[in-house]
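The values are calculated or read from the model by the stated rules, or taken from the named source; none is laboratory data. What you see is a predicted model, and the numbers here were worked out from it, not measured in a lab. Neighbour counts are summed over all protein chains in view; Cβ atoms, including those assigned to glycine, are modelled from backbone coordinates with ideal geometry. The area values use the complete protein model at the heavy-atom level, side chains included, leaving out ligands, DNA and RNA. Shrake-Rupley method; radii C 1.70, N 1.55, O 1.52, S 1.80 Å.
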Amino acid sequence: MTERKCIGVILGSIREGRINDRVAFWVIRQLEGHGFATRTIDPADPDLLPVQLGDEAAIQRLRGQMANLDGFVIVTPEYNHAEPGHLKTLIDSVTAEWWARPVGLIGYGGLSGGLRALEALRIILAELHTVTLRDTVSFASPWRRFDELGHMTDPDAAAAAEAAMAVFAHRLDWWVEALAHARHARPYDPRDDG
């Protein structure tokens, strides 16, 4: 049996009572249903929250959580047409952990479904030498779509979201495989070339 590819699922919100948990529960179940292992990286985790202040011990914990992951999926709301500031701080706190890894984007929000935040993240993640998936999954008004445990309440909407997630997972798997092969064949950072 081959080892399951491990994806870091990064939550985008630290707000109390956040919808982020509901959407992330759904995403994690979907990814695991498509054969991935997952590791949740939550900026609201008390051990990671000090990353927001540049705390070196918290940044080292973040590096540890990101270590040896095959790729990432960011699940984020949209705040004022962009990603939340604390998500940006978390992303900016590390560098090499991102290099040559695929990143999938899942958004939610009002009418836009978080798409403006996802597009803003593409520019940031390109600078960190990631490959962002073209395909996204987004949810308008998620507070109406998910119950407390992250189950979609409308069967038709659930079927459409699951179909979109199947394409997303397939593409994520393809990029995980391609980039892992490339990283093992030749170091990404030219300083590591020996």
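Quick rundown of the values:
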| item | result |
| --- | --- |
| Residue in region 131-146 that is open to solvent by 40 Å² or more (accessible area, probe 1.4 Å), closer than 27 Å to GLU177 by Cα and of a type in the set (Asp, Glu) present | no |
| Within region 1-34, tally of residues that are out of contact with any strand residue (DSSP E or B) (no Cβ under 7 Å at 6 or more places or on another chain), of a type in the set (Asp, Glu) and not in a loop (DSSP other than H, G, I, E, B) | 1 |
| Meets criteria (among the β-branched types (Val, Ile, Thr), surrounded by 19 or more Cβ atoms within 10 Å (Cβ to Cβ) and in contact (Cβ under 8 Å) with a residue 12 or more places away in the chain) for THR95 | no |
| Residue, nearest to ALA164 (Cα to Cα), within region 21-54, restricted to residues that are open to solvent by 60 Å² or more (accessible area, probe 1.4 Å) and more than 16 Å from the chain's Cα centre (by Cα) | GLY33 |
| Qualifying positions in region 145-182 - more than 18 Å from GLY8 (Cα to Cα) and among the basic types (Lys, Arg) | ARG145 |
| Contacts under 7 angstrom Cβ, first residue in region 48-72 being over 23 Å from ALA126 (Cβ atoms) and in a helix (DSSP H, G or I), partner hydroxyl-bearing (Ser, Thr, Tyr) and open to solvent by less than 60 Å² (accessible area, probe 1.4 Å), 6 or more apart | GLN52/THR89 |
